[in-house]
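Take a look at the structure set out below.
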Amino acid sequence: MFKHILMPTDGSEHSEQAVKRGIELAKLCNAKVTGIHVVPEYHMLLASEGAFDIGTEERIQEETQQNALRFLEFVRATAATANVPCETVVATNAHPYDAIVNTANERGCDLIVMTARYRKSLVKVLMGDQATRVLHRASIPVLTFRGIMSSDHPDRDRAVPRATAKV
């Protein structure tokens with residue numbers, strides 16, 4: 001079925017859950033996985049406009065790289081536990097969805113597994129919905145896992161009817 005699955009991660013709990021499920025799928029399919037974290041270029045653009053000094057830019061780059069390696073270590077460790085072959089990639093792009101789709105194409109992936117989650121309106125405007133953008137750009141299937149509802153999700157307070165068992 002699937003032979004090479006790309007798994008974007010942003011280090012969030014939502015993303016980690018999608019990675020776990022994607023690795024379970026990879027194990028069932030005898031597929032290999034590639035974990036990817038995309039480092040945004042926004043801080044570099046700000047630095048070039050003089051908003052930061054060189055020292056600040058270097059600290060931001062170092063911290064961003066450390067975070068990327070930590071996020072990808074989760075993918076690597078989870079895959080190793082499941083005996084699934086795994087590679088990782090750190091990409092830099094102002095548009096994470098472009099880096100995700102480009103990496104999938106360059107590496108011959110046949111599935112992208114990622115999380116899709118609710119974001120408040122201002123955050124959505126600023127950060128966008130990466131999963132939707134990947135869905136529209138990718139020429140391969142994209143499997144999205146809905147993130148666990150956050151405490152600020154509008155549907156969180158709705159009562160969910162539960163089945164009761166009679167003994």
>> Where the second residue is assigned to a loop (DSSP other than H, G, I, E, B) and among the polar types (S, T, N, Q) and the first is within 14 Å of residue 85 (Cα to Cα) and lies in the stretch 1-19, which pairs have Cβ atoms under 7 Å and are six or more apart or on separate chains?
In response: 19/9
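Restricting attention to the stretch 130-145, which residues are of a type in the set (Gly, Ala, Ser) and surrounded by fewer than 16 Cβ atoms within 10 Å (Cβ to Cβ)?
Step one: filter the stretch 130-145 for residues of a type in the set (Gly, Ala, Ser), giving 131, 138-139.
Across the stretch 130-145, the qualifying residue is only 139.
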> Do we find a residue being surrounded by fewer than 16 Cβ atoms within 10 Å (Cβ to Cβ), in a loop (DSSP other than H, G, I, E, B) and modelled with pLDDT of 95 or more anywhere in the stretch 40-63?
Replying inline: no
> Limited to the stretch 1-11, what total is found for residues that are touching a helix residue (DSSP H, G or I) at 6+ places or on another chain (Cβ under 6 Å), at pLDDT 95 or above and surrounded by fewer than 22 Cβ atoms within 10 Å (Cβ to Cβ)?
Replying inline: 1
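Going by the structure shown, is residue 88 open to solvent by less than 40 Å² (accessible area, probe 1.4 Å) and modelled with pLDDT of 95 or more?
The answer is no for residue 88.
Sort out which residues of the stretch 1-36 are assigned to a strand (DSSP E or B) and of a type outside the set (D, E, K, R), and write them in order of number. Even if it seems obvious, please write down each step before you answer.
Of all residues in the stretch 1-36, those assigned to a strand (DSSP E or B) come to 4-8, 32-36.
Result: 4, 5, 6, 7, 8, 33, 34, 35, 36.
Being polar (S, T, N, Q), part of a strand (DSSP E or B) and modelled with pLDDT under 95 is true for just one of 132, 115. Which residue is that? Before you say what the answer is, go through the steps one by one.
Details: 132 fails: part of a strand (DSSP E or B).
The conditions single out 115.
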>> For the stretch 12-39, give me the residue count where each residue is more than 20 Å from residue 90 (Cβ to Cβ) and open to solvent by less than 10 Å² (accessible area, probe 1.4 Å).
In response: 2
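The values are calculated or read from the model by the stated rules, or taken from the named source; none is laboratory data. These numbers come from a predicted model, not from an experiment. Positions of Cβ are generated from backbone atoms using ideal geometry, with glycine treated the same way; all protein chains shown enter the neighbour counts. When the accessible area is computed, the model is the full protein with side chains, heavy atoms only, and any ligands, DNA or RNA have been set aside. Shrake-Rupley method; radii C 1.70, N 1.55, O 1.52, S 1.80 Å.
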